[in-house]
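Enquirer: Here it is: the structure, laid out below.
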Amino acid sequence: MRVLVAEDFEILARSIGTGLRREGLAVDVVLDGAAALERLAVTRYDVVILDRDLPGVHGDEICRRLAGGRCGTRVLMLTASGTIEDRVAGLSLGADDYLPKPFAFAELVARVRALARRATPPLPPTLARGDLTLDPARRAAFRAGRRLELSPKEFALLECLLAAPPGLVLSAEELLERVWDEAADPFSSAVKHTMHRLRAKLGDPPVIETIREGGYRLGPS
């Protein structure tokens, strides 16, 4: 899941970004509206956490553009005002959800995950292929009934592979975009090294195939 946090209060923005990364999400953080539009022009986000009162380009304008562009990105609008009038105004601009400050971080995470499920084609609550099973909501993965102790990045890689149609090859670039964030070096070996650790934890027989000059896919079940 790729998330953009657009919030001008830097301490809050960085805290949200850090917390969501610990939840296994790929997160980019910007502090003004112009920077948010620049990111949105080049990256497809599942969810934008959008402060309504952004400097530069107002959050209302960003919300209007996203709603008018029909890009599929979901908007969670944040504001210091929690009145009914403000909530109605934010939703009428095209926001998908509205969360007044201050908020509980657990509620923010739950709302982001709910919006992300609406931003992508619906998936079954549990992903399975062969003897592999992954439950995104519980953040749990199993092979042949054995629970796998995976890092957030390893879990996210396995989720991408299981969610892909059987036989589809995912390139390292695609995986880097979906699992990592803007801080990741596109020329690094992050995907390769994380995939190596994931394979080791999955054990034998191997289930992840490397396609030369193509990428990775799960083998036949």
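The values are calculated or read from the model by the stated rules, or taken from the named source; none is laboratory data. Treat the numbers as computed from the prediction; the structure is a model and nothing was measured. Ideal geometry is used to build each Cβ from the backbone, glycine not excepted, and the neighbour counts take in all protein chains shown. Accessible surface is based on the protein model in full, side chains and every heavy atom, while ligands, DNA and RNA are left aside. Shrake-Rupley method; radii C 1.70, N 1.55, O 1.52, S 1.80 Å.
Enquirer: Across every pair of different alpha-carbon atoms, what Kirkwood hydrodynamic radius in Å does the chain reach? Walk me through the numbers on the way to the answer.
Expert: On the way: mean 1/r = 0.0542 Å⁻¹.
That comes to 18.5 Å for the chain.
Enquirer: Measure off, as a whole percent, the carbon and sulfur share of the 1.4 Å-probe accessible area of region 2-119, all protein chains present. Intermediate results must be reported in sequence, preceding the final value.
Expert: Details: 2810 of 5360 Å².
Using a 1.4 Å probe with all protein chains present, region 2-119 comes out at 52 percent carbon and sulfur.
Enquirer: Next question. What is the percent carbon and sulfur in the accessible area of region 127-218, measuring with a 1.4 Å probe over the protein chains and ignoring ligands?
Expert: Working: 2790 of 5090 Å².
For region 127-218, the apolar C and S fraction of the accessible surface comes to 55 percent.
Enquirer: Taking only protein heavy atoms into account and a 1.4 Å probe, give the accessible area per residue of the chain in Å². Write down the numbers at each step before the final one.
Expert: On the way: 11370 Å² over 221 residues.
Using a 1.4 Å probe on heavy atoms only, each residue of the chain averages 51 Å².
Enquirer: Leaving out same-chain residues fewer than 8 places away, which lysines sit with a Cα under 25 Å from that of Lys201?
Expert: Lys153, Lys192
Enquirer: With r defined as the distance between the Cβ atoms of Arg44 and Arg64 and R0 fixed at 25 Å, what FRET efficiency is calculated, to the nearest 0.05?
Expert: On the way: r = 19 Å, r/R0 = 0.75.
The formula returns an efficiency of 0.85 here.
Enquirer: Using the Cα centre as the reference, give the magnitude of the dipole from point charges on the C-beta atoms of the chain (Lys, Arg: +1; Asp, Glu: -1; all else neutral), rounded to the nearest 20 debye. Provide the component values of the computation, followed by the final result.
Expert: Working: 31 positive and 31 negative charges, 199 e Å.
Result for the chain is approximately 960 debye, rounded to the nearest 20.
Enquirer: Using the Cα centre of region 127-218 as the reference point, and only Cβ charges (+1 on K/R, -1 on D/E), how large is the resulting charge dipole? Debye, rounded to the nearest 20. Write out the running numbers ahead of the final one.
Expert: Numbers: 14 positive and 14 negative charges, 99 e Å.
Dipole about the Cα centre, nearest 20: 480 debye.
Enquirer: In deg cm²/dmol, rounded to 500, what helix-only [θ] at 222 nm does the chain give when every DSSP H run of at least 4 residues adds -39500 (n - 2.57) and the total is split over its residues?
Expert: On the way: 8 runs with 91 residues, N = 221.
Only helices count here, giving -12500 deg cm²/dmol.
Enquirer: A further question on this structure: Roughly speaking, what is the stretch gain from Ile84 to Ala137, that is 0.36 nm per residue apart minus the C-alpha to C-alpha distance, in nm to one decimal? All intermediate terms of the calculation are to be shown ahead of the outcome.
Expert: Working: separation 53, 0.36 × 53 = 19.08 nm, distance 3.04 nm.
Full extension of this stretch gives 16.0 nm more.
Enquirer: So if we plug the beta-carbon distance of Lys201 and Ala34 into 1/(1 + (r/R0)^6) with R0 = 41 Å, what FRET efficiency do we get, rounded to 0.05? Write out the running numbers ahead of the final one.
Expert: Numbers: r = 42 Å, r/R0 = 1.03.
For Lys201 and Ala34, the calculated efficiency is 0.45.
Enquirer: Determine the gain in length on full extension of the stretch Glu174-Ile208; use 0.36 nm per residue of separation and subtract their C-alpha separation, reporting nm with one decimal. List each step's numbers first, then the result.
Expert: Working: separation 34, 0.36 × 34 = 12.24 nm, distance 1.60 nm.
Extending this stretch completely gives an extra 10.6 nm.
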